[in-house]
Amino acid sequence: MNSTLLNKMGQMKFFGMQQTYQTLLDSNQHHSLTNDEIVSMLIQGEWEDRENRKINRYLKAARFRYQANIEEIDFTASRGLDKTQLLRLADCSFIKNKQNILITGPTGVWKSYLASALGHQACIQGFRTLYFNTQKLFPQLIMSKADGSYQKQVNKIEKHDLLILDDFGLQPLDNKTRMMLMEIIEDRHSRKSTIISSQLPVAKWHEVIGDSTVADAILDRMVHSAQRLELKGQSLRKSK
C-alpha cells in the first residue's frame, strides 16, 4: 500500500510529498500523528519542494556573473558600503515599489558582486531576474535584429521583475545601442526594477549615452527616485 502511494506520488510529480511521506515511513512517525497532521506535513513538504525548484529555475535563468549572496558580503572593507542600506535593499521592497538601484565606484570594489547578490536575493523571494554584462547585451540584440528575434528578446527583458545591467558605460553608445537602451528603459519605467552598475559616476552617464535629447530621456527614467550605492576605495582584488 505504502509503496503504491509513493509510486503514484512520483508519477504525479509530487516529489516533495513523496519525500516527506518516505521520511515519515522510515522514522515510523506516521503512527503517532493524526490524519490532519500527516496531511499538513505532506502539503508543506510539497510546497517547499516546489518553491525550492522554482528558486533554482530562477537562479539558473538569471545567468549571474557571480554566485553571490548577501550573507557573504564583507562589510569591513573601506569602500563606503552602508550595511544598513544594503540590508534594507535585500528585502526587495525596491522591486515591489518599481524602483531602480544604481551602483557606482572604481574597479574592484565588488559592484558586480553586489548587483548579483541583490539579484540572488530577488530570485529567492520569487522575482524573475535577468543579468547582462552591458557590453555583451547590445551585440546580442544587434544580432537578433538580423535573425528577426529582436522584439522577442526585448519582450523577454521587459517581462522580468528585475533586470541587472552590469559594467554600464565602458564604451560610448552609438545610435543603435542608444536607441536599444532607450527602448529597454522605457518599457521598464514605472513597471519593473533595474539595477545598473558602472565605474563611472552618474554625472558622467549623459556623456556616455550621447545625443542630448535621448540621454535626457533615458536618465530621467533611470535615475528618478533610484536608490544609489556609491562605492569608494582601492580595488579589493589587490588586497586579495
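Given the condition under 30 Å from residue 121 (Cβ atoms) and open to solvent by 70 Å² or more (accessible area, probe 1.4 Å), answer yes or no: does some residue in segment 23-37 qualify? Taking every residue of segment 23-37 in turn, none turns out to be under 30 Å from residue 121 (Cβ atoms) and open to solvent by 70 Å² or more (accessible area, probe 1.4 Å).
Taking helices (runs of 4 or more DSSP H) as the structural unit, those lying wholly within segment 62-132 and holding at least 3 residues that are under 21 Å from residue 157 (Cα atoms) correspond to 93-96, 111-124. Surrounded by 19 or more Cβ atoms within 10 Å (Cβ to Cβ) and either β-branched (Val, Ile, Thr) or part of a helix (DSSP H, G or I) (or both), is that true of residue 141? So residue 141 fits the description; yes. Is it true that residue 61 is open to solvent by less than 50 Å² (accessible area, probe 1.4 Å) and either in contact with a helix residue (DSSP H, G or I) (Cβ under 7 Å, 6 or more places away or on another chain) or under 30 Å from residue 109 (Cα atoms) (or both)? No. Of all residues in segment 70-80, how many are under 30 Å from residue 16 (Cβ atoms) and open to solvent by 30 Å² or more (accessible area, probe 1.4 Å)? Counting residues in segment 70-80 that are under 30 Å from residue 16 (Cβ atoms) and open to solvent by 30 Å² or more (accessible area, probe 1.4 Å) gives 2.
Name the one entry in 83, 98 that is open to solvent by 70 Å² or more (accessible area, probe 1.4 Å) and either among the β-branched types (Val, Ile, Thr) or modelled with pLDDT under 90 (or both).
Answer to the check: 83.
Which of the residues that make up segment 189-213 are crowded, with 17+ Cβ neighbours inside 10 Å, assigned to a helix (DSSP H, G or I) and out of contact with any Gly (no Cβ under 7 Å at 6 or more places or on another chain)? Passing the criteria: 202, 209. Residues that are outside any helix (DSSP H, G or I) and of a type in the set (A, V, I, L, M, F, W, C) were ranked within segment 1-51; the one that is nearest to the chain's Cα centre (by Cα) is 14.
The values are calculated or read from the model by the stated rules, or taken from the named source; none is laboratory data. Only a predicted model underlies this, so the values are computations on that prediction, with no experimental measurement involved. Virtual Cβ from ideal backbone geometry, glycine too; neighbours counted across all protein chains shown. Surface accessibility is based on the protein's heavy atoms, side chains included, excluding ligands, DNA and RNA. Shrake-Rupley method; radii C 1.70, N 1.55, O 1.52, S 1.80 Å.
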